[in-house]
Amino acid sequence: MDKKNDNNDQLTDWKKKFEAETKTSSTDDIIINTDEGIGIKPLYIEEDIKNLNFVDVESLPGYEPYTRGPKASMYVNRPWTIRQYAGFSTAEESNNFYRKNLEAGQKGLSVAFDLPTHRGYDSDDEIVMGDVGKAGVAIDSVEDMKILFDGIPLDQMSVSMTMNGAVLPILASFIVAGEEQGVAVKDLSGTIQNDILKEFMVRNTYIYPPDPSMRIVADIIEYTSKEMPKFNSISISGYHMQEAGADNVLELAYTLADGIEYVRAALSKGLDIDDFAPRLSFFFAIGTDFFMEIAKLRAARTLWYKIMTDFGAKNEKSLTLRTHCQTSGVSLTEKDPYNNIVRTSYEALSAVLGGTQSLHTNSFDEAIALPTEFSARIARNTQLILQNETGVTNTVDPLAGSYFIEKITDEVASKAWEIIQEVEELGGMTKAVNAGIPKLKIEESATKKQAKIDSGDRVVVGVNKFQNPKEPKIDVLVIDNEKVREDQIKKINLLKGSRDNQKLEKSLNELTEDAKNGNNLLYSAVKAIKNRATIGEVSKALENVFGRHYATSVGVSGVYGKYFEGNEEFMHVTKKIQDFEKSYGRRPRVLVVKMGQDGHDRGAKIVATSFADIGFDIDMGPLFQSPKDVAKDAVENDVHAIGVSTLAAGHKTLVPELMNSLKEQDPENKIIVFVGGIIPEQDYDFLYEKNISAIFGPGSNIIESAEKVIDLISDKNNQ
Amino acid sequence: MELVKKVLNNDRASIAKAITLVESSNPKDKEESKQLISSLINHPGHSIRVGFSGPPGVGKSTFIESFGTYLVNKNYKLAILAIDPSSNLTGGSILGDKTRMSEISKSQNTFIRSTPSKGSLGGVSYGTREASIILDAAGYDFIFIETVGVGQSETMAANLVDIFTLIVGPGSGDELQGIKKGITEYADIFIVNKNDGDLKLQASKTASDYKSALSFYSKQDNQAAKEVLLVSSIEQQGMDSVIDTINEIIKFNKLNKIFDVRRENQLSYWIKEEIRNQIQSKLDLEVGNDTELLDMTKAVIKGEISIYDVSDHFLDKFLK
């Protein structure tokens, strides 16, 4: 008998053994369906990797289709860059934090801006009162930018900036700060996120409507390709899609489809593909699905190679996808938070085995607050240990050749490719985004994931299983938001008092003119910033022409409820709601809102759709509402409760303001206010004192939360 | 009634609670609701009620945001009743119209209320008519009633307003069929939205399609001409033509007594509907959970009696 028949006999035999051990009638019964709709088998064999669609299992790292890595040597030559995303409070405080981190072994910088900066408002704008200096550093002018990089030589340090909305004034400030530090524009290195499409899909920190926004993206690609050869003009990001609930295939497909759209935008400027494509970079999230994440990164390189070849790219750097990764924020739990260190470690390993070029590891307390010095150190050390102690850098793409990895890499690639083709049929990503399709698909996926956790289908340790009876208390970083705002306003006034207003006005007018006539906006933005225009002023000069964009979206319905057909707990709450309806002549009505400039609306959307499925009538408020507007909305619609979703540390200012506004607009109101999102336990008492009825942290079970809300409403109305 | 006084004083929270009362499905609230409406109807304001209907996705809410902002900037007081169709049978509803009305909702001169249509086909919910009485008494210049247009529902919505407007998108040629079938009977204005960007050409083509379709429609004497208007909600273009047309039609209708006749007809329609509803609910009480009905149904199946025997039996019993 030859070897092949031998193997076949063994396979038949193995199946029998397997079925005996697992007491199942067929190995097919053990197929696990992932969120992506991929069936994971208990065993993969050589047969599985024959006739793959995209993957060439014999290719080498640094060779097409680059599945095994963009470079031949990968980490053997140089390990990935440890690039921790950070920023908070004022430029002074953030600068201090950066310098400490660089001394402790961090290699690159990654700047987090606060929400007002993202949305193009100065810190002294009324509308952003609750958001200044939270969730990122407040930057109002080039003066702040200079302080931010004080003592950090910009010709040596590569700087990544997460900025999409106010991308023109921020990149201009970076350029001018460099110049005034004595560094030529061409020597600046780093990355600007500049990925506006995903903002319309999930993150919501846009300013202008899609079309002018796409033009700004193209302007920046054009400028950097001419003036900043060492700077990545864009970081095409799937990260926020996964954070918003997308599965890995959706994340990959929409990210690459975004990439295609940006390439087209740049080509429309008359650039040659190889002039700019080498400076396109990517950014993916790495969650807890260990092997799937590895497959995603390998599939991403494989597909990008195909896409760029189709565009006619020749330069090897154009053909290879280089990416930054960050461990998943939504995988972190508020409950038993030290578990997050372990989750992050596995995710980091997954990113590295997938072949990332740089990595951010989250701090374990990020489900609760901004990282402290202590938690930031552990996060950084997670990577230092990987690099220095485990030996993962010794071999390039060590998992290649695994039947399982190669097969799922190909499956992820194939499924993503199908979605990319669907987007193409719609006429590309801008059109798809305008039609709201990706947003809906991501919301549907998010709701499914939540339902799986709430129904116990998916185990989250410490949350729906193996709970810690003695929850540890942890220290959190507290930002004195009022103080930051006062400091920023002082600096703005100082700047406004000392600049040449005539010159300033002229350059702002020029900017407005360029917005109308189609000239590249970054050149005029740099001029305006040099003349000490603030971030808000530059944004406003453009807004005068482009207008401001307002999102319009409703949630999906029925997705959550489907998971609970016949579920006793679910029916129990539904029954309570029906009883309420009988007594009060209408369903319990809840207004779900986000306040301030925080646009992360995954939580709000999930609560809205699942509460509606349970039986509540849900009013969705628009994004970026002020507490006063929310109160008006609540009073007019005579709602029983308001659910505030907050993830950007605005709860200490915005929520009390809401309570005051409610009292003002309806002194006798019986409205219950509950809060969900990222709220440190230290603030719970503060909120309860302000008459908040309930607080739901990350990982709260929706059905339990819904029951608590209906009970609170019933009690209040029975009084 | 304390509530009446407060509504007349334009007290926001009281207006809201009054609407809740008239929308209540609890029979216990019915008496109070009747009293409220009976009092308020004696304090008529000067509101013009405008209906906006149209298929999903044509940008009704976005248009109302844009047009409403335009009116508010001209110091009009505006109330909006948005009937939200997004309800599913088992669960509750997600009322998302207001996510598209972020600017207009900020104004102190607006009152915006969403109501789930609870699956009622009409697109008009129970209590919409009463709610507009409340808002009229509260002193709003305009009351907008936004409904989703699916088939029949326009007739019901049109029966609530002084002017009925149909909003359509560029390239909605399919609805031209509807025009011939008689949509023109109750629509006074056709608004072609999204006259912007890439869609401009298509929008003006759609407008001229509507115009030529309307030319087949024979206008009765002393009836205002039906208008087709092109607007862009996102660029806030064409809003002046909308308000001008509304004002002209109202002026024309008032001059020709059409305005009052419409309101009278609507009132008698309402009275008839009220009678029907009351009979219906009493009848439901009578027959709804009757075991007798179940028994007789079984007898019908067995062929012992006919269904008309059953219906006559219950009708006799009810009328006794």
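The values are calculated or read from the model by the stated rules, or taken from the named source; none is laboratory data. All figures in this text were calculated on a predicted structure; none of them were measured in a lab. Methodologically, a virtual Cβ is constructed for each residue, glycine included, from the backbone with ideal geometry; neighbour enumeration extends over all protein chains shown.
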Notebook entry, point to check: Here are some residues: B:287, B:300, B:261, B:310. Which one is within 29 Å of residue B:130 (Cβ to Cβ), hydrophobic (A, V, I, L, M, F, W, C) and surrounded by 12 or more Cβ atoms within 10 Å (Cβ to Cβ)?
Noted result: B:287
Check: Is it true that some residue in region A:676-686 is among the aliphatic types (A, V, I, L, M), crowded, with 18+ Cβ neighbours inside 10 Å and not in a loop (DSSP other than H, G, I, E, B)?
Finding: no
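Does residue A:293 satisfy the criteria of being acidic (Asp, Glu) and under 25 Å from residue A:49 (Cα atoms)?
On the way: acidic (Asp, Glu): yes; under 25 Å from residue A:49 (Cα atoms): yes.
Judged against the criteria, residue A:293 is a match.
Residue check: is residue B:24 within 9 Å of chain A (Cβ to nearest Cβ), under 15 Å from residue B:128 (Cα atoms) and either small (Gly, Ala, Ser) or under 19 Å from the mean Cα position of the chain (by Cα) (or both)? Walk me through it before giving the result.
Numbers: within 9 Å of chain A (Cβ to nearest Cβ): yes; under 15 Å from residue B:128 (Cα atoms): yes; either small (Gly, Ala, Ser) or under 19 Å from the mean Cα position of the chain (by Cα) (or both): yes.
Yes, satisfied.
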Next item on the list: Kindly provide the set of residues from region B:127-142 that are in contact with a Lys or Arg (Cβ under 8 Å, 6 or more places away or on another chain) and either modelled with pLDDT under 85 or assigned to a loop (DSSP other than H, G, I, E, B) (or both), ordered by number.
Entry: B:139, B:140, B:141
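Does residue A:678 fit the bill of being under 27 Å from residue A:571 (Cβ atoms) and β-branched (Val, Ile, Thr)?
On the way: under 27 Å from residue A:571 (Cβ atoms): no; β-branched (Val, Ile, Thr): yes.
Considered against the rule, which asks whether it is under 27 Å from residue A:571 (Cβ atoms) and β-branched (Val, Ile, Thr), residue A:678 comes out as no.
Just the residues that are in contact (Cβ under 8 Å) with a residue 12 or more places away in the chain and not polar (S, T, N, Q), please, taken from region B:241-257. Please lay out each step first, then the result.
Initially, region B:241-257 is screened for residues in contact (Cβ under 8 Å) with a residue 12 or more places away in the chain, giving B:241-243, B:245-246, B:248-250, B:252-253, B:256.
The answer is B:242, B:243, B:246, B:248, B:249, B:250, B:252.
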Item checked: Within region B:1-17, considering residues that are at the interface with another protein chain (Cβ under 9 Å from one of its Cβ atoms) and touching a residue at least 40 places away in the same chain (Cβ under 8 Å), the one surrounded by the fewest Cβ atoms within 10 Å (Cβ to Cβ) -> B:12
Check: If you take the residues of region A:592-617 that are part of a helix (DSSP H, G or I) and more than 10 Å from chain B (Cβ to nearest Cβ), which of them is farthest from residue A:205 (Cα to Cα)?
Finding: A:607
Check: Do the conditions hold for residue A:261, that is, is it closer than 22 Å to residue A:599 by Cβ and in a helix (DSSP H, G or I)?
Finding: yes
Margin query: From the list A:399, A:332, A:359, exactly one residue is within 26 Å of residue A:42 (Cβ to Cβ) and outside any helix (DSSP H, G or I). Which is it?
Written below: A:399
Next item on the list: With the checklist (1) buried (at least 24 other Cβ atoms within 10 Å of the Cβ); (2) touching a strand residue (DSSP E or B) at 6+ places or on another chain (Cβ under 9 Å); (3) not β-branched (Val, Ile, Thr) in hand, flag the one item residue A:243 doesn't pass.
Entry: (1)
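Being farther than 24 Å from residue A:155 by Cβ and part of a helix (DSSP H, G or I) is the filter; apply it to region A:76-123 and report the residue that is modelled with the lowest pLDDT. Write out each step before concluding.
Step one: of region A:76-123, the residues farther than 24 Å from residue A:155 by Cβ are A:76, A:88-90, A:93, A:114-123.
Of the ones still in play, those that are also part of a helix (DSSP H, G or I) are A:76, A:93, A:115-118.
Working: A:76: 96, A:93: 89, A:115: 92, A:116: 94, A:117: 96, A:118: 96.
Restricting to residues being farther than 24 Å from residue A:155 by Cβ and part of a helix (DSSP H, G or I), the top hit is A:93.
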Notebook entry, point to check: Are there any pairs with C-beta distances below 6 angstrom linking a residue in region A:360-374 that is over 18 Å from residue A:240 (Cα atoms) to a residue that is among the hydrophobic types (A, V, I, L, M, F, W, C) and outside any loop (DSSP other than H, G, I, E, B), with the two at least 6 apart or on different chains, and if so which?
Noted result: A:364/A:341
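I'd like the full set of residues that are crowded, with 16+ Cβ neighbours inside 10 Å and outside any loop (DSSP other than H, G, I, E, B), limited to region B:31-56.
Let us first name the residues in region B:31-56 that are crowded, with 16+ Cβ neighbours inside 10 Å, namely B:33, B:36-37, B:39-40, B:45, B:47-55.
If the condition is that a residue be crowded, with 16+ Cβ neighbours inside 10 Å and outside any loop (DSSP other than H, G, I, E, B), then B:33, B:36, B:37, B:39, B:40, B:48, B:49, B:50, B:51, B:52, B:53, B:54 are the ones that fit.
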Item checked: Check on residue B:106, at pLDDT 85 or above and at the interface with chain A (Cβ under 10 Å from one of its Cβ atoms) -> yes
Check: Does region A:652-678 hold any residues that are within 14 Å of chain B (Cβ to nearest Cβ) and either touching a residue at least 24 places away in the same chain (Cβ under 8 Å) or under 31 Å from the mean Cα position of the chain (by Cα) (or both), and which are they?
Finding: A:661, A:662, A:664, A:665, A:666, A:669, A:670, A:671
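Residues being part of a helix (DSSP H, G or I), among the β-branched types (Val, Ile, Thr) and either within 19 Å of the chain's Cα centre (by Cα) or within 14 Å of another protein chain (Cβ to nearest Cβ) (or both): count how many of those fall in region A:186-216.
Of the residues in region A:186-216, 1 are part of a helix (DSSP H, G or I), among the β-branched types (Val, Ile, Thr) and either within 19 Å of the chain's Cα centre (by Cα) or within 14 Å of another protein chain (Cβ to nearest Cβ) (or both).
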Notebook entry, point to check: Given B:123, B:197, which one is touching a helix residue (DSSP H, G or I) at 6+ places or on another chain (Cβ under 8 Å), at pLDDT below 85, crowded, with 19+ Cβ neighbours inside 10 Å and at positive phi?
Noted result: B:123
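Kindly indicate the residue of region A:528-558 that is within 11 Å of another protein chain (Cβ to nearest Cβ) and aliphatic (A, V, I, L, M) and also nearest to residue A:458 (Cα to Cα) among those meeting that condition.
Here is the first cut: in region A:528-558, the residues within 11 Å of another protein chain (Cβ to nearest Cβ) are A:547-558.
Checking which are aliphatic (A, V, I, L, M) leaves us with A:551, A:554, A:556.
Working: A:551: 32, A:554: 27, A:556: 21 Å.
The residue in question is A:556.
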Check: Considering only region A:532-591, how many residues are crowded, with 18+ Cβ neighbours inside 10 Å, of a type in the set (Asp, Glu) and not in a helix (DSSP H, G or I)?
Finding: 0
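Residue under question is residue A:134, and the condition is that it be in contact (Cβ under 8 Å) with a residue 24 or more places away in the chain, surrounded by fewer than 20 Cβ atoms within 10 Å (Cβ to Cβ) and among the basic types (Lys, Arg); does it hold? Walk me through it before giving the result.
Values: in contact (Cβ under 8 Å) with a residue 24 or more places away in the chain: yes; surrounded by fewer than 20 Cβ atoms within 10 Å (Cβ to Cβ): no; among the basic types (Lys, Arg): yes.
It is false that residue A:134 is in contact (Cβ under 8 Å) with a residue 24 or more places away in the chain, surrounded by fewer than 20 Cβ atoms within 10 Å (Cβ to Cβ) and among the basic types (Lys, Arg).
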Next item on the list: Would you check if there is a residue in region A:572-585 being in contact (Cβ under 8 Å) with a residue 12 or more places away in the chain, at the interface with another protein chain (Cβ under 7 Å from one of its Cβ atoms) and touching a helix residue (DSSP H, G or I) at 6+ places or on another chain (Cβ under 6 Å)?
Entry: no
Note to self: For region A:628-651, which positions are touching a residue at least 40 places away in the same chain (Cβ under 8 Å), of a type outside the set (Gly, Ala, Ser) and away from every other protein chain (no Cβ under 11 Å)?
What the structure shows: A:642, A:644, A:646, A:647
